[in-house]
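Inspection log for the structure reproduced underneath, given as structure tokens.
The values are calculated or read from the model by the stated rules, or taken from the named source; none is laboratory data. No experiment lies behind these values; they were computed from the predicted model shown. No Cβ is skipped: glycine too gets one built from the backbone with ideal geometry, and neighbour counts run over all protein chains shown. Areas reflect the complete protein model, heavy atoms only, side chains present, ligands, DNA and RNA absent. Shrake-Rupley method; radii C 1.70, N 1.55, O 1.52, S 1.80 Å.
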Amino acid sequence: MKVLMVAHTFPPYVGGLAHVVENLSTALVTRGFEVEVVTLKVGRGLPEREVYRGVAVRRFRGYAPDGGYFIPSPGFYEYLKKTEADIFHLHNIGALTVPAAYLAIRRKDNGYVLTPHYHKSGYKWHAKLLWKLYRPFARKIVKDANLVHCVSEYEASLVRSVFGVRKPIIIPNGVSNDVFDHRWAPPRNIVLTYAGRVEGYKRVGLLVDAAYELSRRGHEDVVVKVIGLGPDLPRLKRKAEELRVELVSKGFLPRDEYLRELATSTALVNMSEYEAYSIVSAEAIAMGVPVVVAKPWGEHFKKYGKVYVVNPRPGEIADAIEAIMEGGQHDTAKTEGVPRWSEVAERLIKEVYLRVARR
């Protein structure tokens with residue numbers, strides 16, 4: 001069976017969607033599927049064609065004004081229009097690669113699967129405005145899909161209410177096998193870690209505010225560790241300097257180094273405003289690292305031990321960190337049930353692809 005995945009990003013681009021598509025596609029290849037990823041080349045130096053760990057990758061020129069939208073060139077549409085596959089799998093309703101792909105393949109007999117990766121409308125003022133215009137078309141794209149796959153119950157609830165999909169298939173994202181090679185090794189001081197792109201909507205500044213609150217409560221040597229880069233990093237550094245909070249900026253790290261830094265944190269703190277699912281939170285949970293996540297999307301992880309789902313306020317984050325400190329290193333977290341990508345691929349095949357193929 002040939003699966004063609006449409007995604008606006010793919011490695012070496014660093015981001016959640018690129019990580020998801022990379023791991024799903026490579027897991028499918030190991031199970032005998034022929035997989036092609038059609039994506040965009042928004043940076044320089046990337047090949048138009050390559051084979052990545054058995055996955056055929058086809059890149060087309062694209063445009064990402066203000067780091068979003070991901071507008072494909074006409075060649076993207078023309079290629080999809082003439083290309084055949086047993087399963088077309090479209091990712092991220094918020095990227096313009098999806099409506100372009102929809103227009104290209106909508107008359108094909110086998111239809112398509114859609115994973116919306118939907119959290120809310122855009123997080124910038126112009127994106128919020130454009131979403132109001134785009135939503136009726138997006139609703140049609142979602143409703144016309146053979147099956148809609150959501151990565152959390154939170155995302156599914158949004159898809160039901162916004163797009164009118166009655167029964168989306170819920171299969172959470174997974175974690176890679178290398179995560180299980182690391183276990184929580186908390187530092188002697190308090191280290192609040194954030195990992196990911198440093199964007200305004202990620203609300204990383206709340207970690208600085210929480211660190212300041214902890215210092216006001218008498219906790220010494222509190223550090224905010226940021227693993228990642230992004231446009232909000234300069235503002236974050238200025239804020240930390242003003243509040244006299246120590247901030248360590250690591251940038252994007254090689255995979256093994258990133259996992260070691262994550263494992264040696266007091267807690268991973270993710271106060272992002274817009275998330276369908278947080279892979280870094282799942283990775284931390286799988287290691288036994290305590291996690292502090294924001295409502296409402298963080299409710300997905302509350303079934304695991306050492307997960308604190310809080311309102312995005314410095315005081316509540318500080319309360320959670322103090323609870324973690326009181327529990328100590330030997331308070332074992334419940335990590336059973338965090339899925340691996342191999343398990344996610346198996347479920348996707350059985351619950352989504354085979355159901356579509358039988359139609």
#### Entry: Computed log₁₀ I(q)/I(0) - Debye formula, equal Cα scatterers, no solvent, the stretch 1-115, q 0.09, 0.22, 0.23 Å⁻¹
-0.20, -1.32, -1.46
### Task
Quantify, in whole percent, the carbon and sulfur part of the accessible surface of the chain (1.4 Å probe; protein heavy atoms only).
50
### Query
Can you flag which of 108/140; 2/350; 237/295; 167/202; 143/302 are past 27 Å Cα-Cα?
167/202; 143/302
### Task
For the chain, give the magnitude of the charge dipole about the Cα centre (Cβ charges: +1 Lys/Arg, -1 Asp/Glu; no others), in debye to the nearest 20.
1560
#### Entry: Whole-percent pair-distance distribution, where bins are 10 Å wide, for the alpha carbons of the stretch 242-299
20, 47, 30, 3
### Query
Across all directions of projection, what mean area in square nanometres is found for the Cα convex hull of the stretch 161-232?
8.5
### Message
Largest first and in whole Å, what are the equivalent-ellipsoid semi-axes of the stretch 220-359 based on the Cα gyration tensor, each being the root of 5 times an eigenvalue?
### Response
31, 19, 15
### Query
How big is the gap, in Å, between the Cα center of the stretch 86-116 and the Cα center of the stretch 196-225?
40
### Task
Give the value in nm², to one decimal: projected area of the alpha carbon convex hull of the stretch 62-120, averaged over all directions.
4.2
### Query
Sorted by average packing, counted as other Cβ atoms within 10 angstrom per residue and highest first, what order do 174-180, 317-323 take?
317-323, 174-180
### Query
For the stretch 26-67, what is Rg from Cα atoms divided by 2.2 N^0.38 Å, rounded to two decimals?
1.35
### Task
Using every pair of alpha-carbon atoms in the chain, split the distances into 10 Å bins beginning at 0 and state the percent of pairs per bin, rounded to integers.
5, 24, 33, 24, 11, 2, 0
### Task
For the stretch 154-199, state what percent of all Cα-Cα pairs lands in each successive 5 Å bin, counting from 0 Å until the bin that includes the largest distance.
5, 13, 12, 14, 15, 14, 13, 9, 5, 2
### Query
If the viscosity is 0.692 mPa s and the temperature 37 °C, what translational diffusion coefficient in µm²/s does Stokes-Einstein give for the stretch 267-318 when Rh comes from Kirkwood over Cα pairs?
307
